[in-house]
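The values are calculated or read from the model by the stated rules, or taken from the named source; none is laboratory data. Keep in mind that what you see is a predicted model, and the values were worked out from it rather than measured. Backbone-built Cβ (ideal geometry, glycine too); neighbour counts: all protein chains shown.
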Amino acid sequence: MTTTTQLTTAAPPAAPDPVTTTPQPAIRGRSRTGASRLRALDGLRLLAALMVAAYHFGGRSGEIAQAWGSSPAQQFPTAAPLFAYGCLGVQIFFVISGFVICLSGWGRTLRAFIASRVSRLYPAYWVAVLLVSAVFALPWVAYKALPPSDVLTNLTMLQLPLGADRVLGVCWTLWAEMRFYALFALCVVLPGATRGRVVLFCAGWTLAAALAQAAHEPFLDTVLMPEHAPFFIGGIGLYLLHRYGARDPIAWAIVLVSWLIGQHYAVAALWHAPSAGGFSYRSTAGIIAVVTLGFALVAAVALGKLRWANWRWLTVAGALTYPFYLVHEHLGWVVVRALHRGAGLPSYATLMLTVGLMLLLAWVLHRFIERPLTPVLKRSIDPRR
């Protein structure tokens with residue numbers, strides 16, 4: 001299976017906890033409205049996931065060209081240049097993840113935090129790894145399954161540092177999420193979350209990541225993730241604005257510095273000079289615009305500007321995002337090939353139907369895997385809950 005370049009393959013964060021605000025003391029800038037779900041953030045998750053799907057199905061070359069029977073640029077001559085920006089959905093996911101992990105980790109014990117992360121990450125992931133492996137092993141499927149040893153290694157979610165091939169191309173983002181969780185747990189959750197400690201964490205990680213980039217030391221790069229850190233940190237800064245109010249200059253400084261550094265890494269990774277042989281061309285202005293839009297949308301949620309988007313279906317959308325993200329790419333190859341080359345459906349009809357079927361499969365995984373197994377796994381790790 002061909003692996004993909006990190007910043008050009010996308011991924012949600014791995015399923016955060018339900019996004020709710022918690023009742024806060026009536027002090028300056030804190031929520032006085034009691035507990036309420038941030039449904040608009042659920043909608044942003046699904047939007048980012050659909051951006052990623054558009055990229056995987058119509059904004060890049062590779063195995064998807066085999067599924068279509070030709071380059072996606074030929075299938076979608078007008079839309080493919082726009083689909084190519086869909087890979088930036090992963091940066092938006094990381095911003096959302098920074099916001100949600102800071103929210104959900106505040107006031108939790110280390111054990112409860114670990115239980116929450118493990119129980120949200122693994123059930124759907126285990127099933128997705130086994131399902132994709134089983135489908136690829138079918139004799140009439142054109143894609144090759146990995147050896148059993150690699151499949152079993154993938155169940156740990158540590159296949160990248162262990163050097164095993166990936167069952168799911170998108171799993172590199174889960175590895176980034178795990179490292180973020182570990183850093184946040186050790187530096188914030190373990191000693192106890194406070195505003196000062198979170199600010200110090202953001203400042204320290206920003207500086208350490210910049211030093212790691214300058215040092216060109218692989219171990220430091222692995223731990224501190226210079227290219228991903230500004231998006232996680234930016235999300236944390238936006239949560240501080242949500243928690244303490246828009247008049248917090250330090251939180252705004254965290255967000256601004258993170259955006260400045262984040263756009264730098266996004267442009268460095270995704271921009272290239274125009275080339276006749278290249279599949280797509282992303283302009284510098286386009287990359288910056290998408291990164292800026294991601295920060296702006298999460299900021300709108302943080303500051304209550306999207307409170308009107310409180311539709312119940314957005315909660316369902318948020319729940320489907322993680323399982324959809326896990327299964328859509330590789331199983332989508334199989335569905336695209338069957339619908340377009342097998343059944344002869346037009347390109348756009350195939351794209352829409354494939355996304356719809358992957359969302360339906362995501363609902364099945366959420367309903368019959370995540371909902372029953374998540375609380376069981378959580379209680380087994382933290383029986384005191």
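In the range 150-159, is there at least one residue being surrounded by fewer than 18 Cβ atoms within 10 Å (Cβ to Cβ) and polar (S, T, N, Q)? The answer is yes; a qualifying residue exists.
Evaluated against (1) within 30 Å of Ile114 (Cα to Cα); (2) surrounded by fewer than 17 Cβ atoms within 10 Å (Cβ to Cβ), His366 falls short on exactly one condition, (2). For the range 188-201, the tally of residues that are assigned to a helix (DSSP H, G or I) and surrounded by 17 or more Cβ atoms within 10 Å (Cβ to Cβ) stands at 5. Any residue at all in the range 121-139 that is crowded, with 20+ Cβ neighbours inside 10 Å and either at pLDDT below 95 or within 30 Å of Val255 (Cβ to Cβ) (or both)? Looking for residues that are crowded, with 20+ Cβ neighbours inside 10 Å and either at pLDDT below 95 or within 30 Å of Val255 (Cβ to Cβ) (or both), one finds at least one in the range 121-139, hence yes. In the range 55-93, the residue that is farthest from Val355 (Cα to Cα) out of those that are surrounded by 24 or more Cβ atoms within 10 Å (Cβ to Cβ), in contact with a Gly (Cβ under 7 Å, 6 or more places away or on another chain) and aromatic (Phe, Trp, Tyr) is Tyr55. When Phe184, Phe231 are checked against the criterion of being surrounded by 23 or more Cβ atoms within 10 Å (Cβ to Cβ) and more than 25 Å from Glu329 (Cβ to Cβ), Phe184 stands alone in meeting it. For the range 321-343, the condition of being modelled with pLDDT of 95 or more and not in a helix (DSSP H, G or I) holds for at least one residue. In the range 276-317, of all residues being of a type in the set (S, T, N, Q) and part of a helix (DSSP H, G or I), the one that is farthest from Gly58 (Cα to Cα) corresponds to Thr315. Residue under question is Pro161, and the condition is that it be of a type outside the set (Asp, Glu), touching a Phe, Trp or Tyr at 6+ places or on another chain (Cβ under 8 Å) and either in contact (Cβ under 8 Å) with a residue 40 or more places away in the chain or not in a helix (DSSP H, G or I) (or both); does it hold? Yes: the conditions hold for Pro161.
For first residues located in the range 88-104 and at negative phi, partners that are surrounded by 24 or more Cβ atoms within 10 Å (Cβ to Cβ) and of a type in the set (Asp, Glu) and lie 6+ apart or on another chain with Cβ distances below 9 Å form the pairs Phe93/Glu177; Phe94/Glu177; Ser97/Glu177; Ile101/Glu177. If I ask for residues that are outside any helix (DSSP H, G or I) and surrounded by fewer than 13 Cβ atoms within 10 Å (Cβ to Cβ), which ones from the range 253-275 would you list? Those that are outside any helix (DSSP H, G or I) and surrounded by fewer than 13 Cβ atoms within 10 Å (Cβ to Cβ): His272, Ala273, Pro274, Ser275.
Note on the range 157-209: residues that are of a type outside the set (Gly, Ala, Ser) and under 25 Å from Glu63 (Cα atoms) amount to 16.
Taking only pairs six or more apart or across chains, which ones have beta-carbon atoms under 7 Å, a first residue in the range 287-299 that is under 19 Å from Tyr55 (Cα atoms), and a second residue that is among the hydroxyl-bearing types (Ser, Thr, Tyr)? The qualifying pairs are Val290/Tyr85.
Among the residues of the range 154-175, at least one is of a type outside the set (Asp, Glu), touching a Lys or Arg at 6+ places or on another chain (Cβ under 8 Å) and over 26 Å from Val336 (Cα atoms).
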